[in-house]
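First the structure, in the form of structure tokens, and then the observations on it.
The values are calculated or read from the model by the stated rules, or taken from the named source; none is laboratory data. Here the structure is a predicted model, which means the values were calculated and not measured. No Cβ is skipped: glycine too gets one built from the backbone with ideal geometry, and neighbour counts run over all protein chains shown.
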Amino acid sequence: LTGPATAAAARPVVNVAHRGASAYAPENTITAFELAGDQRADMFELDVQETKDHQLVLMHDTTLTRTTDAEKVFPGLSPWNVGDLTLAQIRKLDAGSWFSGEHAGEPVPTLGEALRTMSGSRMGLLLEVKAPDRYPGIETRIAAELRRNPRWLSPGRLVVQSFDWESMRRFHRLMPGVPIGLLGTPATAELPSLAEFADQINPPYTTLTSAYVRRVHGLGMEVLTYTVDDPDDMRRMMSYQVDGIITNRPDVLRGLTDA
Ligand code: G3P
Ligand code: CA
């Protein structure tokens with residue numbers, strides 16, 4: 001027996017719940033993270049940004065309008081940037097109603113809350129530093145929060161990633177023991193110098209090739225690809241020998257890998 005299907009079956013792939021099990025619950029909330037555990041994800045992913053008063057909160061967009069009721073609660077605060085509101089203001093927001101009435105009143109979590117609430121989970125954490133150019137010093141504050149929650153620093157439990165590779169160089173200097181992921185698709189010529197501090201290259205699946213995966217593996221790094229929700233695409237990524245798949249539907253991927 002040869003061919004992609006056999007290779008896919010033979011190689012375990014890390015199942016990463018993108019913003020939690022975000023096809024089924026509002027993204028970047030504790031409910032979505034807990035559901036990811038119920039669906040037997042291996043890791044959950046979240047996005048960290050910073051409030052006006054330098055508190056770390058979980059939010060994907062740099063504005064609050066898509067996933068909260070900020071426009072209604074604070075009509076005068078346009079354009080509702082995460083970094084323009086204090087934590088006390090952001091805590092007044094509903095981060096669940098946009099998704100469904102069933103989730104009304106779901107709060108925007110802080111990073112500390114997520115680390116504490118999920119610390120007993122068997123899942124690992126893929127922590128994305130989102131738009132760090134907007135938040136000078138955010139790497140230091142994330143490192144401090146992780147040190148307050150040292151269970152996450154156990155080997156194999158945490159990866160910190162960003163689209164901003166310079167931010168990741170800074171984070172690596174602060175916490176050299178924490179594996180680093182680089183989001184995007186670096187040119188192959190850039191990969192050797194990035195391998196000096198990165199452990200993962202995490203590209204979108206749409207442009208990924210098996211040759212690129214082999215190149216990254218040849219430099220001793222892993223590949224986690226995003227955001228893969230269709231079973232055929234999941235199978236194709238597994239045939240490329242990726243190390244992990246980041247999905248809004250961890251139950252679908254689990255169904256394939258356990259089949
Ligand atoms: O973890 C990969 C993925 O989260 C990167 O894209 O835009 O969903 O944060 P985005
Ligand atoms: Ca993300």
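Is it the case that the stretch 47-59 has a residue that's buried (at least 24 other Cβ atoms within 10 Å of the Cβ) and free of Cβ contacts under 8 Å to residues at least 60 places away in the same chain?
Scanning the stretch 47-59 turns up at least one residue that is buried (at least 24 other Cβ atoms within 10 Å of the Cβ) and free of Cβ contacts under 8 Å to residues at least 60 places away in the same chain.
Quick one: in the stretch 189-215, which of the residues that are free of Cβ contacts under 8 Å to residues at least 24 places away in the same chain and under 20 Å from the mean Cα position of the chain (by Cα) is surrounded by the most Cβ atoms within 10 Å (Cβ to Cβ)?
It comes out as Ile201.
Among (1) within 26 Å of Arg148 (Cβ to Cβ); (2) not in a loop (DSSP other than H, G, I, E, B), which single condition is Asn15 missing?
Exception for Asn15: condition (1).
Could you list, ordered by first residue, the pairs with Cβ atoms under 8 Å in which the first is in the stretch 122-135 and β-branched (Val, Ile, Thr) and the second is within 13 Å of ligand 1 (Cβ to nearest atom) and in a loop (DSSP other than H, G, I, E, B), at least 6 apart or interchain?
Val129/Asp164
Could you list all residues from the stretch 107-131 that are in a loop (DSSP other than H, G, I, E, B), under 15 Å from Met59 (Cβ atoms) and of a type in the set (A, V, I, L, M)? Write out each step before concluding.
Step one: of the stretch 107-131, the residues in a loop (DSSP other than H, G, I, E, B) are 107-109, 118-123, 130-131.
Okay, now just the ones that are also under 15 Å from Met59 (Cβ atoms), so 107-109, 130-131.
Those that are in a loop (DSSP other than H, G, I, E, B), under 15 Å from Met59 (Cβ atoms) and of a type in the set (A, V, I, L, M): Val108, Ala131.
Which condition number in (1) without any contact (Cβ under 8 Å) to a residue 12 or more places away in the chain; (2) within 15 Å of ligand 1 (Cβ to nearest atom) is the one that Glu102 fails?
So the condition that Glu102 fails would be (2).
Answer with yes or no whether Pro107 is surrounded by fewer than 22 Cβ atoms within 10 Å (Cβ to Cβ) and not aromatic (Phe, Trp, Tyr).
Judged against the criteria, Pro107 is a match.
If I ask for residues that are over 17 Å from the mean Cα position of the chain (by Cα) and part of a helix (DSSP H, G or I), which ones from the stretch 216-250 would you list?
Val216, His217, Gly218, Pro231, Asp232, Asp233, Met234, Arg235, Arg236, Met237, Met238, Ser239
At pLDDT 95 or above, hydroxyl-bearing (Ser, Thr, Tyr) and either within 13 Å of ligand 1 (Cβ to nearest atom) or in contact with a His (Cβ under 6 Å, 6 or more places away or on another chain) (or both): does that describe Thr227?
The answer is yes for Thr227.
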